[in-house]
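Here is the structure we will look at.
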Amino acid sequence: MSGISKACCSFNPPVVSKGYQPKGEYKTINGLKTYVTGPESATKAILVIFDIFGFFDQTVQGADILATSTDQKYREHKEKLGHFFSTKAAPPQTLSKIPNVVAEGNKLAPGGNFESWSILGYCWGGKIACLSSGADNKLFKAAVQCHPAMVDANDAKAVNIPMALLASKDEPAQDVKDFEANLKVPKYVETFPTQIHGWMAARSDLENAEVRKEYERGYKTVLEFLHQHS
């Protein structure tokens, strides 16, 4: 990838395997329990949609990494929306919550509005991130899916912002390939062949050296993408 800052390239977060102490705090935003992290002076924000496992240390730590690890600081709002998700697609009541979450989240910005919002989703949240980036999207400037569930190449045709997709060995390879082929926007798609579904979120065994290395590399990749496109 081109246009990456020196700070991104030297990314080296102090990942904690056990007993992680969160840097942020929990707030209620649009009626939803939300983990908010990052400096209050941040001018950009990321809305992160959890998988069904919720506020695990690995995912909270991931939020802190995204919010504070480079020269571009983000305010991060991590929402537990996974339990709204059906087996095939995000129901309308889930997607309809997002504009109000962004509107209320903007109240945390120094000037009352963040310069830009990005969206990232794990597992089922990846589907929500994808559908939130469709033809009608006016909220988000960039999107990321991490080990996404229900990858559908048809969804990719409507995406109107830069998108990254980080797949594990467990996502169907052809689905990922077809999705990438249908993206008509700036994109970054990579499969992490040694990692299981959930390695960047609740299922990450950070005591395993290989998993920890790929966890760090996954977040570095996301930060580089967002630094370039958000």
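The values are calculated or read from the model by the stated rules, or taken from the named source; none is laboratory data. Just so you know, these numbers come straight off a predicted model, no measurement behind them. All Cβ positions, glycine included, derive from the backbone under ideal geometry; neighbour counts span all protein chains shown. Heads up: the accessible areas ignore ligands, DNA and RNA and are worked out on the full protein's heavy atoms, side chains in. Shrake-Rupley method; radii C 1.70, N 1.55, O 1.52, S 1.80 Å.
For segment 192-211, a tally of residues being crowded, with 16+ Cβ neighbours inside 10 Å and not in a loop (DSSP other than H, G, I, E, B) returns 2. Taking (1) open to solvent by 40 Å² or more (accessible area, probe 1.4 Å); (2) over 30 Å from Arg212 (Cα atoms); (3) modelled with pLDDT of 90 or more in turn, Gln93 satisfies each apart from (3). Considering Tyr35, Tyr26, the condition of being modelled with pLDDT of 70 or more, assigned to a strand (DSSP E or B) and open to solvent by 80 Å² or more (accessible area, probe 1.4 Å) is satisfied by Tyr26 alone. Among the candidates Ala209, Ala156, the residue that is hydrophobic (A, V, I, L, M, F, W, C) and free of Cβ contacts under 8 Å to residues at least 12 places away in the same chain is uniquely Ala209. Of the numbered criteria (1) in contact (Cβ under 8 Å) with a residue 60 or more places away in the chain; (2) closer than 21 Å to Tyr20 by Cβ, the one Gln228 fails is (2).
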